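Visitor: Please read through the structure below; I'll follow up with questions.
The values are calculated or read from the model by the stated rules, or taken from the named source; none is laboratory data. The shown structure was predicted, so the numbers you read here are calculated from the model rather than taken from an experiment. Using ideal geometry, Cβ is built from the backbone for each residue, glycine included, and neighbour counts are taken over all protein chains shown. Accessible surface areas use protein heavy atoms only, side chains included; no ligands, DNA or RNA. Shrake-Rupley method; radii C 1.70, N 1.55, O 1.52, S 1.80 Å.
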Amino acid sequence: MLGSIQASAQKSVRVSGTILQPDKSTPIPGASVQRVGYTTGVVSDEKGTFLIDIDQQDTLLIRAIGYKSILYLPRNLPVSELRVSIVMQEDSVMLGEVEVTNRPSQEMIERAIRNMKRPDPNYVKNPSYKPPVDIPPPAPAAAPSITSPISMLYEMFSKEGKQKAKLQQILTELEMERILKEAQQEREEYNRLFKDNRGYK
């Protein structure tokens with residue numbers, strides 16, 4: 001009964017080995033050795049050696065930068081320790097050259113600006129927006145005509161007529177200032193939604 005229990009018990013195997021380059025003599029430091037299905041693993045040292053405990057049915061995944069990943073399935077042997085040598089093959093996929101600087105170059109900035117998505121201004125998307133309308137100034141009072149010469153002479157030469165004409169001019173200027181101010185306020189209220197986009201002004 002004791003023998004059958006030991007036979008059915010899951011055996012643990014300590015795997016130690018060396019990870020080598022294709023020349024089979026140069027070690028690969030920093031290679032990861034991980035049990036498939038588990039999140040933990042080990043990393044080879046500067047001599048390319050590693051040590052990991054696994055179960056007999058486990059599969060090892062070996063990965064290293066610049067080399068193809070390898071799946072290693074230990075043979076089912078009645079041993080508690082296993083020594084292996086794993087030879088990695090170089091990966092033919094090469095990374096492009098990367099330049100690291102403390103600030104982007106002018107070419108990179110221009111390329112980023114060209115790739116920016118610039119939505120066309122579409123005022124229909126904002127139904128509350130109404131483009132400012134140039135409102136004409138109020139029509140001046142009817143000027144004295146030749147049909148009423150007495151009133152025309154009075155308006156031209158009398159002190160009261162001159163004051164009335166000056167008052168009319170002042171009122172016209174005030175009305176123009178009010179119209180321009182309202183148009184400016186409406187424009188600023190709309191541009192407030194596009195504070196960082198001066199193109200909408």
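Visitor: Specify the residue that is nearest to Ser92 (Cα to Cα); the eligible residues are those in region 21-74 that are open to solvent by 50 Å² or more (accessible area, probe 1.4 Å) and basic (Lys, Arg).
Guide: Within region 21-74, the match that is nearest to Ser92 (Cα to Cα) is Lys68.
Visitor: May I ask you to list the residues in region 26-47 that are within 18 Å of Asp58 (Cβ to Cβ) and not in a loop (DSSP other than H, G, I, E, B)?
Guide: Hits for region 26-47 are Ser32, Val33, Gln34, Arg35, Gly41, Val42, Val43.
Visitor: Suppose we keep only residues that are more than 16 Å from Thr18 (Cα to Cα) and among the hydroxyl-bearing types (Ser, Thr, Tyr) within region 60-98. Which one would you say is modelled with the highest pLDDT?
Guide: Result: Ser80.
Visitor: Could you run through region 62-81 and say how many residues are more than 20 Å from Lys11 (Cα to Cα) and in a strand (DSSP E or B)? It would help to see each step written out before you state the result.
Guide: The initial filter retains those residues of region 62-81 that are more than 20 Å from Lys11 (Cα to Cα), namely 62-71.
Checking which are in a strand (DSSP E or B) leaves us with 62-63, 67, 70-71.
The number of residues fulfilling the criteria is 5.
Visitor: Moving to a separate point now. If you take the residues in region 99-120 that are among the polar types (S, T, N, Q) and open to solvent by 80 Å² or more (accessible area, probe 1.4 Å), which one is modelled with the lowest pLDDT? Reasoning before the result, please.
Guide: In the first step, residues of region 99-120 are kept if they are among the polar types (S, T, N, Q); the result is 101-102, 105-106, 115.
Narrowing the set further to residues that are open to solvent by 80 Å² or more (accessible area, probe 1.4 Å) leaves 102, 106, 115.
Details: Asn102: 70, Gln106: 79, Asn115: 77.
Filtering first and then ranking leaves Asn102.
Visitor: While we're on this one: How many residues, within region 26-57, are among the hydroxyl-bearing types (Ser, Thr, Tyr) and modelled with pLDDT under 90?
Guide: Just the residues of region 26-57 that are among the hydroxyl-bearing types (Ser, Thr, Tyr), to begin with: 26, 32, 38-40, 44, 49.
Retained after the next criterion (residues that are modelled with pLDDT under 90): 38-40.
Within region 26-57, residues that are among the hydroxyl-bearing types (Ser, Thr, Tyr) and modelled with pLDDT under 90 number 3.
Visitor: Which residues, taken from region 75-89, are under 17 Å from Gly48 (Cβ atoms) and loosely packed, with under 12 Cβ neighbours inside 10 Å?
Guide: Arg83, Ser85, Gln89
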